[in-house]
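Q: So that we are looking at the same thing, I have put the structure below in structure tokens.
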Amino acid sequence: SIQRDLGFSQSSLAWVVNAYLIPFGGVLLLAGRLGDLLGRKRILISGLVVFTAASLLCGVAGNQQVLIAARFLEGVGGAIASALILGMIVAMFPEPHEQARAIGVYSFVAAAGGSIGLLAGGLLTQAISWHWIFFVNLPIGIAASVLAHRWLESAPGIGLAHGADALGATLVTSALMLGVYTIVGEAADNGWTSSRTLVCGAIALLLLVGFVVREATHPRPLLPLRVFKSRDVSGANLVQALMVAGMFGLFFLGSLYMQRVLRYDALKIGLAFLPVALSVGALSVDISPRLCNRFGARPVLLWGLTFTLAGLALFARAPLDADYIRDILPQMVLLGVGGGLSLPALMTLAMSSASKEDAGLASGLVSTTGQVGGALGLAVLATVSTARSQELFIAGASFDAALTGGYQLAFGISAGLVLASIAVAATVVRGTPLFRPVARVEPSLVRAASEDPVGRF
């Protein structure tokens, strides 16, 4: 709809998405640290205001240039707001069992929001126009800002003196933004071995190395490297990158499979993915936190990743004439169960060693690894899928059969990425139970101890 209305070419249309992804992936880490330094409530509300204003600009955009610029600004606002959420949960819910429950609610809301977006975006576009997929953000953004101002605690932050590393901030933001641009822009358009892709990738890598060197030597670093000393934090972030890389490919290419091969419309695609959100919601709000409190986050994460792997492996056998109940619904349920178990456990592990002073940084870090992993995974899987489909079509397969073969290969690689995340979770992550039940003490013993605290006890 946007392409028809504003006259985008097929190649330039990708920048409606990329213009959001590049700043979103690049600003997360900086935004998380700024929340620690200046106060998370202040930074969160600032992000919501920027996101809401940019959404208004997107909705009224009448040409390509305005829409792309507004999408870039929207990505900045989205990154600033979302980078701080886990950090605020850690600060507001210090008790382990309460924190696990809060992270479970967060996981449910994230999954529900994504599913509602799939349904609402298609309905709004079909019923009114594409402009309303942006206008709908206005009442949501205003309500979120007002409620955040009224309800959230107002901690002042530790001050810029504890981490005002302007050069480090410039290096890491530039490295991440250029890295995401290389993945979603140059590699997608020109291939992984093109000179432009290799040059941009090399520059992004050099900027990242410069940032690491800077943080290792600066007395007040933006990203204290001590956060990586925890095996749980480092392992959880690596698991996050691998898992999201596999899942992004599934949701994107799975939607294309349903649309181009099975001939589903936007509403049917949204309904097809709904069991994932329902399963995540059923598990993450209560069951997954209880399991984490009882057995520890690591075993729950491993079980969740195993269910996810099973769902992706079945998707790799998706047939040309799939029946939804027989060939798609079981995979959706498995993926939902896997997400409902693994997401709260993974977020708990990623935030396990975060102090109140570093909670925003840890939150921004896990969001960054997920975003970069998703962008990289999607670019690789889309490229592999397209190449495989072209190969099959040239070999004589029908158009639909060639598409299906490409999607099947991509889903198989997604399963391989999740299998690698299982290996990391099993070998790197240690994990400890968040909460161990205390044995019940009889009231009579308590009274006896208080009456004679020395003699018998």
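Q: Among 420-426, 47-53, 246-252, how do they line up by average Cβ neighbours within 10 Å per residue, starting with the highest? Please report the intermediate quantities before stating the final value.
A: Values: 420-426: 19.9, 47-53: 21.4, 246-252: 23.3.
By packing density, highest mean first, the sequence is 246-252, 47-53, 420-426.
Q: Once the dipole of the range 190-282 is set up with Lys and Arg at +1 and Asp and Glu at -1 on Cβ about the Cα centre, which of GLY246, LEU278, LEU208 lies farthest towards its positive end?
A: Result: LEU208, furthest along the dipole toward the positive end.
Q: Taking the Cα centre of the chain as the origin and placing charges on Cβ (Lys, Arg +1; Asp, Glu -1), which of ILE103, GLY340, ALA31 is farthest toward the positive end of the dipole?
A: Result: ILE103, furthest along the dipole toward the positive end.
Q: Another question, if that's okay. Report, in deg cm²/dmol and to the nearest 500, the calculated mean residue ellipticity at 222 nm for the chain, where each DSSP H run with n ≥ 4 adds -39500 (n - 2.57) and the sum is divided by the residue count. Mind showing how you got there, number by number?
A: Details: 18 runs with 333 residues, N = 457.
Counting only the DSSP helices, I get -25000 deg cm²/dmol.
Q: Tell me, what % of the accessible area of the range 1-76 is carbon and sulfur with a 1.4 angstrom probe? Could the numbers behind the result be given before it?
A: Values: 2020 of 3000 Å².
In the range 1-76, the share of accessible area belonging to carbon and sulfur is 67 percent.
Q: Let me ask another. Among 167-176, 296-305, 386-395, what's the highest-first ranking by average C-beta atoms within 10 angstrom per residue?
A: On the way: 167-176: 20.4, 296-305: 24.2, 386-395: 14.5.
Put in order of decreasing packing, that is 296-305, 167-176, 386-395.
Q: Compute the relative contact order of the chain as a whole-number percentage, counting only Cα pairs closer than 8 Å that sit 6 or more residues apart in sequence.
A: After rounding, I find 24 percent.
Q: How would you order 366-378, 271-283, 324-336, 199-211 from highest to lowest mean count of nearby Cβ atoms within 10 Å?
A: Values: 366-378: 24.5, 271-283: 21.3, 324-336: 18.1, 199-211: 16.4.
Going from most to least packed, we get 366-378, 271-283, 324-336, 199-211.
Q: Another one. Strictly greater than 37 Å: what percent of every Cα pair in the chain meets that?
A: 27
The values are calculated or read from the model by the stated rules, or taken from the named source; none is laboratory data. These figures come from a predicted structure and were not determined experimentally. As a convention, Cβ positions derive from the backbone with ideal geometry for all residues, glycine included, and neighbour counts pool all protein chains shown. We work out accessible area using only protein heavy atoms, side chains counted, and drop any ligands, DNA or RNA first. Shrake-Rupley method; radii C 1.70, N 1.55, O 1.52, S 1.80 Å.
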